[in-house]
Structure formats: structure tokens, C-alpha cells
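Peer 1: Have a look at the structure that comes next, please.
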Amino acid sequence: MTEQKCINIPQKLLQRVKADKHSLELLALSLIIKFTFGDSRMPNASAKSIAALLHCGRAKAEKLFSAAKHSVWFSYNAVTGALLAKNFKKKYTKRGVNRKGREYFSLYAVKLDRKGYSLRGLVKELRKLLVLNLVNGYERKNKFNFNGVAHQGHTNLSIPMVALTEDRIARYVGVKDRNTVYRLVKELEAEGRLRVVHSQMKFLSACSSDEAMTGVRVAPHNVVLQDRKTGFLYTIDANRYSIQMTADKRRFTNIIFDHAKRLNKGEYNRRQDDFNPMYD
């Protein structure tokens, strides 16, 4: 049997644990066991062996090992010392009926590549995937809205309906400060996975009278500033984000488990358009 190149993580599971670092680390332990052992069973598990597997300190490993023994994601056999990372997809799999009346089972998942991770490295990668998932949601759901009125032959400007601010990203990723978001975004930029068009200040109007502002539209999330000396108005728009790698865009998928060919591409794309984690 050919080993799969990635593991499908239920998007809702990732959302549920994102704000609790300990739960996120437990999920990372489960994933690393699945990556390392073909049957998802770690033999002779101990704090020492877990520390070696995760490349983390002994105290951290002891805490995770103790928690894993009582977690629904694991099964520990005290006789053999084996720690099993259980299947966590069943709870999040949806049952549906297609247009032909046939039953199917689906899961909206985030694909994680199989490779060597440390505990810290995998937790960071999971958070990066949350950032990319959020950006993917904005890109898929018509994030641009024609805002403005055709005026004197000028074409309407296409702007985001909802600003993707650092605060919004922080809430979605489950972190408490914008500094963490800044570091994640900078790393994704450096890796060539994310493109960021940073906010800019643009001239809006020479004055703020009702007559001068006729036909001028400003996005709800934009900031408007006025120069006290000149009276000129300027607007500052929000950062714009776009995923650069096709492989990253394909990480967020609605999997039909019992499809005739696992996934029929045309049918899959139509279902993807109807399903989005941002608006679930």
C-alpha cells in the first residue's frame, strides 16, 4: 500500500483547538505519531521517547504524555506501553445525499504534508495553514466588490468587501497579539507562499464639502484622514493578501470519501464553490 503524501486534518478540529496551545500541541503529537509510524502506534512510549520524537524538552514531553493517556485522540496500552493516535476524522465527517439520491460522506479538510517536524515547527505550520485558509476563504468568496459609481467615464474600483486586518487574522488563527500574526505573515512571505500588498495612503478629495464628495465612495473599512492645513482628504486602505503557491490553494478541500474516483474534478469544483469554511 502506497503511503499517502499528506494527512487530512478536519478544518473544524483545527478551529476548535487553535486558541489553546496545549490542545494544539496534543494534536501535533498525534500527527507526528501518524507521520512516523505506519499504523499510528508508537511502541514503548515514554516521556523520554516522546521528547526525542518531538525534539522538545523532557518537561514538555512528560506533560503531553500524561495528557495523551486521557485524551480522546489517543489510546494508551499500559501493558505493552504502546500509544495509539486514533482516527479523528469520523466525528467531523458529514453524511449527505447527491442529486441521484446516493449517499455520500464528506469532510472539509486541511492537507498537511508528510515530513519531519519538531513540535514547535508543526505548531507554527498549523497556524500558518490557518492564515492561508483565511486568505483562501476571502479569495474564493468574491472578496472584491465593485464599490463606487461610474463617474465621467471612469471604471469602478474593485476593493475588498471586508478588510483582512491583522486583528481579524489574529482572531481566526487563535492568537492574542498582532505581533504573532506579523511574524507568521512575514515568514509566509519569505517562503514565497503569501503575497502582501501593504496599505497605502491615497488622495481622495480636495475638500470635504457635500458637493465635492458627490460620487466619491470609500470602503467601510478604510480610514479617512484630513490634512488640517490644506483640507485635503486622504484614504488608507487595508493590506491585501493572496496565496502564491497552487499547492497551498489545493490544501483546503472538501473530500468526498466514497466518490467513484474519490474525487471527480468537475463535480468537486462545483461543490467547493458551495462550501467555504469562512462562512460555514
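Rule-based calculations on the coordinates, nothing more; no lab input. What you see is a predicted model; the values in this text were computed from it and never measured. Please note: Cβ atoms are built from the backbone with ideal geometry, for glycine as well, and neighbour counts cover all protein chains shown.
Peer 1: For the cross-link pairs Lys5/Lys186; Lys94/Lys186; Lys128/Lys176; Lys86/Lys111; Lys5/Lys63, which exceed 25 Å when the distance is taken from alpha carbon to alpha carbon?
Peer 2: Lys5/Lys186; Lys94/Lys186; Lys5/Lys63
Peer 1: In segment 4-50, if the dipole is taken from +1 on Lys/Arg beta carbons and -1 on Asp/Glu beta carbons about the Cα centre, which of Ile7, His22, Ile33 is farthest to the positive end?
Peer 2: Ile7
Peer 1: A follow-up question, please. Enumerate the calculated ³J(HN,Hα) couplings along segment 45-57 in order (Karplus 6.51 cos²θ - 1.76 cosθ + 1.60, θ = phi - 60°), each rounded to whole Hz, writing x wherever the residue is Gly or Pro.
Peer 2: 5, 7, 4, 5, 5, 5, 4, 5, 5, 8, 6, 10, x
Peer 1: Using the Karplus curve 6.51 cos²θ - 1.76 cosθ + 1.60 with θ = phi - 60°, work out ³J(HN,Hα) for each residue of segment 29-43 in order, rounded to whole Hz, and write x for Gly and Pro.
Peer 2: Listing the rounded values in order: 4, 4, 5, 5, 5, 5, 5, 7, 10, x, 9, 6, 10, 8, x Hz.
Peer 1: By a straight-distance test (C-alpha under 23 Å), which lysines pair with Lys100 as possible cross-link partners, with residues fewer than eight away in the same chain excluded?
Peer 2: Once the sequence-local lysines are set aside, what remains near Lys100 is Lys261, Lys265.
Peer 1: Describe numerically, in nm with one decimal, the distance between label points set 7 Å from Cα along Cα→Cβ at Tyr182 and at Asn98.
Peer 2: According to this spin-label approximation, the distance is 4.9 nm.
Peer 1: Between Thr165 and Gln15, with labels modelled 7 Å along Cα→Cβ, what's the label distance in nm to one decimal, could you check?
Peer 2: According to this spin-label approximation, the distance is 2.2 nm.
Peer 1: Can you pull out the trypsin sites (Lys or Arg not before Pro) in segment 1-84 that DSSP calls coil and that have at most 16 other Cβ atoms within 10 Å?
Peer 2: Hits after loop and neighbour filter: Lys5, Lys69.
Peer 1: Quick check on segment 1-129: what does the Kirkwood estimate of hydrodynamic radius come out to from the alpha carbon pairs, in Å?
Peer 2: One decimal place: 15.6 Å for the Kirkwood radius.
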